[in-house]
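Notes follow the structure.
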């Protein structure tokens, strides 16, 4: 009887110890905070970077992390990598246009074992979040669906492929500047620069037919209000910033593609389009 009580007491004590320490370990693991997430840029100003930052901040906060922005130069890359390694960064989101700087960041942060993802501009071996250029062409083709003749300007191969794959065989595509006011025709600009240029030609009276293109930048609202562009497609840097957090933490092998958004001139001031038309508004 005494022996049985001793064994029972020992088993009970062991169970209590396991319960206490097991719960403590579990709680510790459950409450472990994700390290900080850092957005690497060459310049932290501008609407595009601001929107990437806002999207990434939301995604980071949802995962219990904080987002910081680190501006880097070629000479300061190693120092930046060391700093974020010491802070136990959970991921680095890289938005850089300079490929030399991109390669240096990839090497330095990779040496520190920090998971990385590139935004919009890729680098070999890095996960990538970018806009879906083929889908941009599909969107423009959708705009042109009701026109028999489609004038196309701009050097953007992926967008052109999406456009050509979507237009019907009955439509005629002309790769030249439109002139006059041909009936049953529209013009499509595949790049921001061509959109601005064709809008200027339209204002000068070189042609008068509907024009859809790519967000030309700061004068987007004026061009649409004055009827010089009828529809524009927009990138979504906010969404790319948000998606980049998941992509970095998951080490996605395949690119993560974000769809373009088309806005028609009559919809400029709709609530869902305000952020696109006026990106500097918070």
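Quick notes
A quick yes/no check of all residues on (1) touching a strand residue (DSSP E or B) at 6+ places or on another chain (Cβ under 7 Å); (2) at negative phi; (3) in contact (Cβ under 8 Å) with a residue 40 or more places away in the chain:
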{"position": "188", "(1), (2), (3)": "yes, yes, yes"}
{"position": "203", "(1), (2), (3)": "no, yes, no"}
{"position": "221", "(1), (2), (3)": "no, yes, yes"}
{"position": "229", "(1), (2), (3)": "yes, yes, no"}
{"position": "240", "(1), (2), (3)": "yes, yes, yes"}
{"position": "253", "(1), (2), (3)": "no, yes, yes"}
{"position": "266", "(1), (2), (3)": "no, yes, no"}
{"position": "272", "(1), (2), (3)": "no, yes, no"}
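- Some residue of region 189-198 being at pLDDT 95 or above and loosely packed, with under 14 Cβ neighbours inside 10 Å: no
- Residue-level check: of (1) part of a loop (DSSP other than H, G, I, E, B); (2) under 24 Å from residue 196 (Cβ atoms); (3) not assigned by TED's automatic domain parsing to the domain that holds residue 152, residue 253 misses just (2).
- Selection over region 251-282 of residues that are within 20 Å of residue 121 (Cβ to Cβ) and either touching a helix residue (DSSP H, G or I) at 6+ places or on another chain (Cβ under 6 Å) or surrounded by 13 or more Cβ atoms within 10 Å (Cβ to Cβ) (or both) gives a count of 8.
- Test: residue 245 is without any contact (Cβ under 8 Å) to a residue 40 or more places away in the chain, within 23 Å of residue 130 (Cβ to Cβ), in contact with a helix residue (DSSP H, G or I) (Cβ under 6 Å, 6 or more places away or on another chain) and not assigned by TED's automatic domain parsing to the domain that holds residue 63: no
The values are calculated or read from the model by the stated rules, or taken from the named source; none is laboratory data. Treat the numbers as computed from the prediction; the structure is a model and nothing was measured. Here the Cβ is made from the backbone with ideal geometry for all residues, glycine too, and neighbour counts use every protein chain on show.
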